[in-house]
Amino acid sequence: MRISEIKAIRKAKIPVENLFEGIKINEKTALGRAITLAESNNQNHRIAAQDLIERCLTIKSSSIRVGITGVPGVGKSTFIETLGKNLTVLGNKVAVLAVDPTSTKNKGSILGDKTRMQQLSLDPNAFIRPSPAGESLGGVAQKTKEAIIICEAAGYDIILVETVGVGQSEVAVHNMVDFFLVLKLSGAGDELQGIKRGILELADAVVINKADGNNITAANMAVKEFTRALHLNPAKENGWVTKVIACSAIENSGIQEIWTMITNYIKNNRESGYFDEHRNEQNKFWLIQTIENRLIENFYQDKAIQSELENQLKKVSQGRTSPFNAAEKLLNLAKKHTD
C-alpha cells in the first residue's frame, strides 16, 4: 500500500460516492485510491471499502480473468507486457494486478512491476497495480479479489493477475480467475521435476517461455515432455485437457496463439454454463476464505491474546508446556471473549 495514497485518503476524506463516480469514468487516480482503500486494515476504511465493492458489483462486466504464475526468472513481467500490448492494440482495456515478493524479515516489497513493464505502464488502455504479497495464501495479495472487482467496474475487460510464483500454494489465484496459466523455462534440466503436481493439476495451460534463439529445440522438447506428463492427469470438470504451448515474449511469437486458446476456452465455458458455475463456486470459496482471514486477524489483534501469546511462547521455548496445550489455552481465552 502506498503511503502517499493513504495520506491522500485521510487528508481528503473522499466519500465513497466520489470514488465510485471516478471509477465509473476510469479515472486512474480514483482507481488507485479505491484499491488502496480496499487494502487498508483500518476499520473505518474497511467499512467504506465494503460499501464501495457493493457499488462496483452493480456494474455488469463481461471480463476475462487470467492468472499467470511461474518461478522468478521465467519472464512473467515480459510475457505480461507483451500480451498486454497485443490486447490493447486490439482495443481491449487491460488491468495487471502484479504481486511482488514481500521480505519475511522486514516486510518490505520491491513493487517494481511498473519499472519492468515500462511500455505497458504508459499505455492509456492499461492499468498496472503492483501490491505486496505479504503473508497471504498463494503469493497473491489478500485484497486482490476486491481489486479485480474495482478494475472491472472501471471498464477493464481483461484482468491479468501475476503471482509471486516462489512455491506457495496457488489455490488462491486459481480461485479468482477464469484461466490459470503456468509459465515454465526449458533447458534447465527440471522440466518435470521443477513443477509441483498440484500446480499441474490446477493449470489450464503450461507455456514454455523464451522459445527463441538457441533455445527453440529445447523448448519444443519441453512441450512434448509436458504434454506426455499431462496426459496422466484426468480431464477437468469442464472436459478441458491442459494445453502446452511454446512462445517467446521477447520476439512476440506464440502470444497470439496463446490468447486465441484462452478466448476459445472462455467461449466454450460460457456456452456450456461452466463459466458462471465456476465463478459462483469461487464466490463461495472467498466467503469461507474471508471468514477465516477475519477470524485469524481478530484473534491476533486482541490485546489479551497478544499478552498471553507472549507468555505461552516463552513457556513453549523453555519446554514448560507443549505447543498443543499452549494453543488450547489461547483458543479458550479467545472463546471467553466472544461468549
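The values are calculated or read from the model by the stated rules, or taken from the named source; none is laboratory data. Given the structure is predicted, the values throughout are model-derived calculations rather than measurements. All Cβ positions, even for glycine, are placed from backbone atoms using ideal geometry, and neighbour counts span all protein chains on display.
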Hand me the list of helices (runs of 4 or more DSSP H) wholly inside segment 85-195 holding 3 or more residues that are modelled with pLDDT of 95 or more and buried (at least 18 other Cβ atoms within 10 Å of the Cβ).
144-153
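Evaluate the following for residue 289: is it of a type in the set (S, T, N, Q) and either under 34 Å from the mean Cα position of the chain (by Cα) or surrounded by 11 or more Cβ atoms within 10 Å (Cβ to Cβ) (or both)? Spell out how you get there, then give the answer.
Working: of a type in the set (S, T, N, Q): yes; either under 34 Å from the mean Cα position of the chain (by Cα) or surrounded by 11 or more Cβ atoms within 10 Å (Cβ to Cβ) (or both): yes.
So residue 289 fits the description; yes.
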List the helices (runs of 4 or more DSSP H) that sit entirely inside segment 242-339 and contain at least 2 residues that are at pLDDT 95 or above and closer than 30 Å to residue 76 by Cβ.
255-272, 274-301
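Yes or no, residue by residue, for (1) over 32 Å from the mean Cα position of the chain (by Cα); (2) under 26 Å from residue 149 (Cα atoms):
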| position | (1), (2) |
| --- | --- |
| 246 | no, no |
| 265 | no, yes |
| 273 | no, yes |
| 311 | yes, no |
| 329 | yes, no |
So which pairs qualify, if the first residue must be in segment 180-206 and more than 12 Å from residue 242 (Cβ to Cβ) and assigned by TED's automatic domain parsing to the domain that holds residue 227, the second must be modelled with pLDDT of 65 or more and surrounded by fewer than 14 Cβ atoms within 10 Å (Cβ to Cβ), the Cβ gap must be under 8 Å, and the two must be at least 6 apart or on different chains?
185/73
Checked 246, 205, 219, 235 against criteria (of a type in the set (Gly, Ala, Ser) and loosely packed, with under 14 Cβ neighbours inside 10 Å); the one match is 235
If I filter segment 207-215 for residues that are free of Cβ contacts under 8 Å to residues at least 60 places away in the same chain and among the acidic types (Asp, Glu), do I get at least one hit?
yes
